[in-house]
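We did not get these values from a lab; they are worked out from the coordinates using the rules stated. Model, not experiment: these values are computed from the prediction. So basically every Cβ, Gly included, is an ideal-geometry build from the backbone, and we count neighbours across all protein chains shown.
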Amino acid sequence: MSTYLETTHNVYKEAALTPDVGLCCTTNPIWELPGLKIPKIMQEMNYGCGSTVHARDLTNNPKMLYVGVGGGMELLQFAYFNRQKDGVIGVDVVDEMLEASRQNFIEAEAQNDWFKSEFVDLKKGDAMNLPVEDNSIDVAAQNCLFNIFKADDLKKAIAEMYRVLKPHGRLVMSDPTCEQPMNDTLRNDERLRALCLSGSLPIAEYVKALTDAGFGTIEIRARKPYRILDPKNYPTDELIYIESIEVAAIKDPMPEDGPCIFTGKAAIFFGSEDYFDDKKGHILLKNQPIAICDKTAGDLASLGRDDIFISESTYHYDGGGCC
Ligand SMILES: C[S@@+](CC[C@H](N)C(=O)[O-])C[C@H]1O[C@@H](n2cnc3c(N)ncnc32)[C@H](O)[C@@H]1O
């Protein structure tokens, strides 16, 4: 095993034995739903950087997988939507983290009369070699784990998620990203990497890792400030700004002309006709914004029309639109 993976193992063993509220700097409020209470210990062990729980992914009792369980908060939130024995598989490589989350689910059972620990099937396993059958999962998730992995390991971990998902299944993720180059001292600092501070990629590289694995549709659902690495506290000469994103990668077939990547762009037709038809499956009704993927945005822009407005990426894609 690479030494950085051993360091990661030790960091999260420690974080399981001694919950560390500041370990990951979550920018999300802890949300609760009617009848859903998140035990305090799970909130203290929230080591993620966004949310992977989106209600619109979770209709029709999907079979779910969550890799890198942490304190179990997001598994509990997923179980809220499913409420079936073994409805959510939780995989983690650190025994102490599995045990801590098991205890936290007992506490969650005491606070939530609808919840039973048996809704979550905890398994020891590695993100790079998942103990899960091929094509068996509707919704897979990971939060703040894949950014730790170096390129070859990231490739394996994404390939594993792709393998276990059913066709059209979705991988929902949250991870830090960084558009600035990081120096080798930061990149090779195993502890900073394990703490989700020095492994992050630019968004385009992160997305490419997903489309290279075969995911035909990508949705960037949120992009938020995460952390600063400053020269006084970290081995860097310049201030480094880290963001976090929420992304879904959908196991749709790869379109012949390349993946559909939604970054929150929209097109608005404002010509004299009632609508504009690009004859490629996109009908733009007059003055009605339609969400478009970046590929369609490029195609529409290349028409050079003066009656179609294309917005910038908001990095807040919320469903619907083209493709
Ligand atoms: C940053 S924490 C995130 C925990 C949780 N997802 C959350 O949002 O609170 C990373 C988690 O991944 C687990 N982990 C680390 N390396 C792993 C690996 N190779 N395979 C599976 N899980 C791993 C850690 O034990 C820990 O639970």
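Angle check, please: helix 3-17 long axis (alpha carbons) against the longest principal axis of the chain (alpha carbons), in degrees 0 to 90, nearest 10. The answer is roughly 70 degrees. Here the relative contact order of the chain, from alpha carbon pairs under 8 Å that lie six or more residues apart, stands at 14 percent. For the chain, give the share of DSSP beta bridges that are antiparallel, in percent and rounded to the nearest 5; count only bridges with both residues there. Taking every DSSP beta bridge within the chain, about 55 percent pair in antiparallel fashion.
Near Lys279, which aspartates and glutamates are there with a Cα under 14 Å away, not counting those fewer than 8 places off in the same chain? Within the straight-line limit of under 14 Å, Lys279 reaches these aspartates and glutamates: Asp299.
Between 0 and 90 degrees, rounded to the nearest ten: what's the tilt of helix 95-111 against the longest Cα principal axis of the chain? Around 80 degrees separate the two axes. Near Ile261, the amide H atoms lying under 5 Å from its own belong to Ile218, Asp294, Lys295; only residues 5 or more places off or on other chains count, and H is placed 1.01 Å from N. Over the residues of the chain, the helix contribution to mean residue ellipticity at 222 nm works out to -8000 deg cm²/dmol, using -39500 (n - 2.57) for each DSSP H run of at least 4. Based on C-alpha pairs under 8 angstrom that are at least 6 apart in sequence, region 265-310 has a relative contact order of 49 percent. Computed from backbone phi with θ = phi - 60° and the Karplus coefficients 6.51, -1.76 and 1.60, the 3J(HN,Hα) list for region 286-297 is 4, 6, 10, x, 10, 5, 10, 7, 5, 5, 5, 4 Hz; x is used for glycine and proline.
Each Lys or Arg adds one and each Asp or Glu subtracts one; over the other residues with Cβ under 14 Å from the Cβ of Ala127, this totals 0.
Taking all C-alpha pairs of region 167-274, those more than 20 Å from each other amount to 50 percent. Binning the alpha carbon pair distances of region 265-310 at 5 angstrom intervals from zero yields the distribution 5, 25, 38, 27, 4, 0, expressed in whole percent. Largest mean-square fluctuation among Tyr206, Tyr12, Tyr275, in a Gaussian network model of the chain whose springs join Cα atoms under 10 Å apart, belongs to Tyr275.
Helix 151-164 and the longest principal axis of the Cα set of the chain meet at an angle near 80°. If the chain linking Asn183 and Glu32 were pulled fully straight, counting 0.36 nm for each residue of separation and taking away their Cα-Cα distance, it would gain 50.4 nm. Each 10 Å bin, from zero up to the one with the longest distance, holds this percent of the alpha carbon pairs of region 61-174: 15, 49, 30, 6, 0. Gyration tensor analysis over the Cα atoms of the chain returns equivalent ellipsoid semi-axes of 35, 24, 18 Å (largest first, whole Å).
Taking the Cα centre of the chain as reference, the dipole from Cβ charges on Lys and Arg (+1) and Asp and Glu (-1) amounts to some 400 debye. Within the listed set Asp95, Asp212, Asp277, the residue fluctuating most in the Gaussian network model of the chain (springs between alpha-carbon atoms under 10 angstrom) is Asp277.
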